[in-house]
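*Asks:* Below is a structure I'd like to ask you about.
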Amino acid sequence: MERRSNHRQKEILEELRRSGGSMRIHALAERLQVTEETVRRNLRRLADDGIVERVHGGVRLIRETGEADFNARFRENPEAKQRIARHVAAMLPHEASLFLDIGSTTAHIADALRDHRRLVVVTNSVYVAFRLATRNENRVFMAGGMLRPHDGGAFGSDAMTFATNFKTDFAVLSSAGITPKGFMLFDLDEARFSRLIMQQATTCIMAADSSKFGREAPVDIGHPSQVDCLVCDTPPPAEIETAARTSWGTEIQIAK
């Protein structure tokens with residue numbers, strides 16, 4: 001029952017984000033095809049956790065618990081992200097094939113790859129595509145569909161189907177939060193896309209600055225054992241380092 005409740009809460013959060021942050025109770029129930037009482041029960045738990053706020057006849061997200069838009073996130077911790085980006089770029093050879101997701105750290109990695117040649121890049125990020133296309137004989141494949149206004153990312157069934165056409169050497173991913181349970185995101189569509197490209201790549205690299213350590217988010221990306229290497233700017237807390245070493249089999253590299 002607890003697992004089902006957690007799943008329902010994730011669905012509610014996703015619908016709230018799709019709608020711009022607030023919805024009526026009856027609209028949520030109709031969208032999820034459940035009773036209004038089921039919605040209210042799960043909203044009580046989300047409200048207790050400080051994730052949403054109940055308003056008359058509806059609910060709204062408390063935005064501080066989610067992520068800022070892409071431009072704001074890109075400007076957060078720039079030195080740490082640039083150091084991580086240079087480290088990841090050094091791990092990737094010329095002529096490699098790779099998936100790059102829409103994370104702000106991944107955007108810095110795209111910038112750090114500016115001198116690489118003949119890359120095959122598959123992405124759902126308009127920023128990544130813009131930075132790496134039309135230079136150094138790269139071949140860039142961009143997922144189609146509507147671009148989200150807050151981050152320039154393409155998601156949905158078309159983007160998922162598009163990604164299945166590729167098998168790459170690397171998948172370079174980002175995470176909103178890292179705990180001893182694994183890697184987490186705030187957005188269900190992002191998590192689904194990340195899970196898919198992890199399956200389609202030979203080596204999976206997670207790039208995350210230290211602000212992500214201990215940060216909770218509602219959607220897990222997938223089993224952390226699928227991540228081959230975590231690149232960060234400082235050593236993670238002991239409990240995350242122990243989980244990576246003993247449970248996940250994930251190598252940790254510290255960018256210098």
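*Asks:* Among the residues of segment 122-181, how many are of a type in the set (S, T, N, Q), over 17 Å from the mean Cα position of the chain (by Cα) and closer than 22 Å to Ala112 by Cβ?
*Replies:* The total comes to 4.
*Asks:* Scan (1) on the phi < 0 side of the Ramachandran plot; (2) touching a residue at least 24 places away in the same chain (Cβ under 8 Å); (3) out of contact with any Lys or Arg (no Cβ under 7 Å at 6 or more places or on another chain) for the single condition Ser157 breaks and write down its number.
*Replies:* (2)
*Asks:* Let me ask you something else. Residues to consider are Thr106, Thr134; find the one that is of a type in the set (Val, Ile, Thr) and part of a loop (DSSP other than H, G, I, E, B).
*Replies:* Working: Thr106 fails: part of a loop (DSSP other than H, G, I, E, B).
Matching residue, one of Thr106, Thr134: Thr134.
For (1) part of a strand (DSSP E or B); (2) modelled with pLDDT of 95 or more, each residue gets a yes or a no:
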| site | (1), (2) |
| --- | --- |
| His150 | no, no |
| Phe166 | no, yes |
| Phe170 | yes, yes |
| Leu173 | yes, yes |
| Met184 | yes, no |
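*Asks:* Checking Phe166 against (1) more than 20 Å from Asp187 (Cα to Cα); (2) open to solvent by 70 Å² or more (accessible area, probe 1.4 Å); (3) of a type outside the set (Asp, Glu), which single condition isn't satisfied?
*Replies:* So the condition that Phe166 fails would be (2).
*Asks:* Would you call Val140 over 12 Å from Val120 (Cα atoms) and part of a strand (DSSP E or B)? Walk me through how you get there before you give the answer.
*Replies:* Details: over 12 Å from Val120 (Cα atoms): no; part of a strand (DSSP E or B): yes.
Criteria not met by Val140.
*Asks:* Specify the residue that is modelled with the lowest pLDDT; the eligible residues are those in segment 69-96 that are among the hydrophobic types (A, V, I, L, M, F, W, C), touching a helix residue (DSSP H, G or I) at 6+ places or on another chain (Cβ under 9 Å) and surrounded by 15 or more Cβ atoms within 10 Å (Cβ to Cβ). Please lay out each step first, then the result.
*Replies:* First pass over segment 69-96, keeping only residues among the hydrophobic types (A, V, I, L, M, F, W, C): 70, 72, 74, 80, 84-85, 88-92, 96.
Right, trim to touching a helix residue (DSSP H, G or I) at 6+ places or on another chain (Cβ under 9 Å) and you get 70, 72, 74, 80, 84-85, 88-90, 92.
Now drop any that are not surrounded by 15 or more Cβ atoms within 10 Å (Cβ to Cβ), which leaves 70, 74, 80, 84-85, 88-89, 92.
Details: Phe70: 63, Phe74: 71, Ala80: 91, Ile84: 97, Ala85: 97, Val88: 98, Ala89: 98, Leu92: 98.
Selected residue: Phe70.
*Asks:* Based on this model, can you work out whether Thr242 counts as part of a helix (DSSP H, G or I), polar (S, T, N, Q), open to solvent by 10 Å² or more (accessible area, probe 1.4 Å) and touching a residue at least 60 places away in the same chain (Cβ under 8 Å)? Give the steps one after another, and end with the answer.
*Replies:* Details: part of a helix (DSSP H, G or I): yes; polar (S, T, N, Q): yes; open to solvent by 10 Å² or more (accessible area, probe 1.4 Å): yes; touching a residue at least 60 places away in the same chain (Cβ under 8 Å): yes.
Criteria met by Thr242.
*Asks:* Scanning for something exposed (fewer than 12 other Cβ atoms within 10 Å of the Cβ), at pLDDT below 85, of a type in the set (Gly, Ala, Ser) and on the phi > 0 side of the Ramachandran plot, does segment 19-30 turn up at least one residue?
*Replies:* Looking through segment 19-30, at least one residue is exposed (fewer than 12 other Cβ atoms within 10 Å of the Cβ), at pLDDT below 85, of a type in the set (Gly, Ala, Ser) and on the phi > 0 side of the Ramachandran plot.
*Asks:* If Phe99 passes every condition in (1) surrounded by fewer than 16 Cβ atoms within 10 Å (Cβ to Cβ); (2) in contact with a helix residue (DSSP H, G or I) (Cβ under 7 Å, 6 or more places away or on another chain); (3) among the hydrophobic types (A, V, I, L, M, F, W, C) but one, which one does it miss?
*Replies:* (1)
*Asks:* Has segment 208-228 got at least one residue that is at pLDDT 95 or above, part of a strand (DSSP E or B) and either open to solvent by 50 Å² or more (accessible area, probe 1.4 Å) or over 15 Å from Gly103 (Cβ atoms) (or both)?
*Replies:* Checked against the condition, which is being at pLDDT 95 or above, part of a strand (DSSP E or B) and either open to solvent by 50 Å² or more (accessible area, probe 1.4 Å) or over 15 Å from Gly103 (Cβ atoms) (or both), segment 208-228 yields no hits at all.
*Asks:* Does Arg118 satisfy the criteria of being in contact with a helix residue (DSSP H, G or I) (Cβ under 7 Å, 6 or more places away or on another chain) and either in a loop (DSSP other than H, G, I, E, B) or open to solvent by 20 Å² or more (accessible area, probe 1.4 Å) (or both)? Steps first, please.
*Replies:* Details: in contact with a helix residue (DSSP H, G or I) (Cβ under 7 Å, 6 or more places away or on another chain): no; either in a loop (DSSP other than H, G, I, E, B) or open to solvent by 20 Å² or more (accessible area, probe 1.4 Å) (or both): yes.
It is false that Arg118 is in contact with a helix residue (DSSP H, G or I) (Cβ under 7 Å, 6 or more places away or on another chain) and either in a loop (DSSP other than H, G, I, E, B) or open to solvent by 20 Å² or more (accessible area, probe 1.4 Å) (or both).
*Asks:* Based on this model, can you work out whether Thr134 counts as surrounded by fewer than 17 Cβ atoms within 10 Å (Cβ to Cβ), at pLDDT below 95 and of a type in the set (Val, Ile, Thr)? First the steps, then the outcome.
*Replies:* On the way: surrounded by fewer than 17 Cβ atoms within 10 Å (Cβ to Cβ): yes; at pLDDT below 95: yes; of a type in the set (Val, Ile, Thr): yes.
Criteria met by Thr134.
The values are calculated or read from the model by the stated rules, or taken from the named source; none is laboratory data. Source: prediction; values computed, not measured. Cβ: placed from backbone, ideal geometry, glycine included. Neighbour counts: every protein chain shown. When the accessible area is computed, the model is the full protein with side chains, heavy atoms only, and any ligands, DNA or RNA have been set aside. Shrake-Rupley method; radii C 1.70, N 1.55, O 1.52, S 1.80 Å.
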